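Novice: Pasting a structure here, questions to come.
The values are calculated or read from the model by the stated rules, or taken from the named source; none is laboratory data. As the structure is a computational prediction, the values presented were derived from the model and not from experiment. Don't worry about glycine lacking a Cβ; one is built from the backbone with ideal geometry, like all the others, and counts go over all protein chains shown. The accessibility values were calculated without ligands, DNA or RNA, using every heavy atom of the protein model including side chains. Shrake-Rupley method; radii C 1.70, N 1.55, O 1.52, S 1.80 Å.
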Amino acid sequence: MTTAPARTASMTVTGFALAAFILAADQASKYWILEVLRLPSIGSMEVLPFFNLTMVWNRGVSFGLLAADSEIGRWGLVILSGVISLVFAAWLLKVARWSTVFALGLVIGGAIGNMIDRIRFGAVADFFDFGQIFPWVFNVADSAITIGAILLAVDLIRHPDDKPTPPAPAADGPAAS
């Protein structure tokens, strides 16, 4: 059994800073697509032979899974995103491995970015379209969530036995019998 690495305060700061960066990049890209480029009125535009900007309103979770076409479904996904973000934020406060910190920061930032879309628009704005290379249209938040989930899976596979180390008893505390 391996021992978990030591946790530092900078890990928490880094994880939440990464989440904030992903959230800002996601919302800035969506602002540019929706308000500057006005992609919803254009529909789609070729950028490169293998890459288009294509407007899709995703009412489900990543890659259109679990589509929620009703208001109950929409708000259910908002609540689910919020709960996942809170659970992962609590986990971020306890992790002691940099790979987990980065993975959680990516997922938290992406989940909050897509949650904001569901609250504002009732659906998530997706627009990166690699057509023949990748069949789904996605956004910055989706990319962050996917990369973060893959990093978490790899981390859990590589370190299945790591558990948080309990704090050492205080020197002046009661003696163990």
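Novice: Of the conditions (1) at pLDDT 95 or above; (2) touching a helix residue (DSSP H, G or I) at 6+ places or on another chain (Cβ under 7 Å), W32 clears all except one; give me its number.
Specialist: With (1) at pLDDT 95 or above; (2) touching a helix residue (DSSP H, G or I) at 6+ places or on another chain (Cβ under 7 Å) applied to W32, the lone miss is (2).
Novice: Across region 133-157, which residue is modelled with the lowest pLDDT among those that are over 30 Å from A123 (Cβ atoms) and out of contact with any helix residue (DSSP H, G or I) (no Cβ under 8 Å at 6 or more places or on another chain)?
Specialist: Of the residues in region 133-157, the ones over 30 Å from A123 (Cβ atoms) are 154-157.
Pick out the ones that are also out of contact with any helix residue (DSSP H, G or I) (no Cβ under 8 Å at 6 or more places or on another chain) and you get 156-157.
Details: L156: 88, I157: 92.
Only one residue fits best here, namely L156.
Novice: Considering only residues that are open to solvent by less than 20 Å² (accessible area, probe 1.4 Å) and charged (D, E, K, R), which ones fall in region 22-42?
Specialist: D26, K30
Novice: Please determine, by comparing only the residues of region 68-78 that are aliphatic (A, V, I, L, M) and outside any loop (DSSP other than H, G, I, E, B), which one is most open to solvent (accessible area, probe 1.4 Å). Show your work before the answer.
Specialist: Looking only at region 68-78, we keep the residues that are aliphatic (A, V, I, L, M), and these are 68, 72, 77-78.
In the following step, the residues that additionally are outside any loop (DSSP other than H, G, I, E, B) were identified as 72, 77-78.
Details: I72: 146, L77: 16, V78: 15 Å².
The qualifying residue most open to solvent (accessible area, probe 1.4 Å) is I72.
Quick grid of which residues meet (1) closer than 30 Å to R38 by Cα; (2) open to solvent by less than 20 Å² (accessible area, probe 1.4 Å):
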| position | (1), (2) |
| --- | --- |
| L80 | yes, no |
| L92 | no, yes |
| R97 | no, no |
| G105 | yes, yes |
| V124 | yes, yes |
| P135 | yes, no |
| N139 | yes, yes |
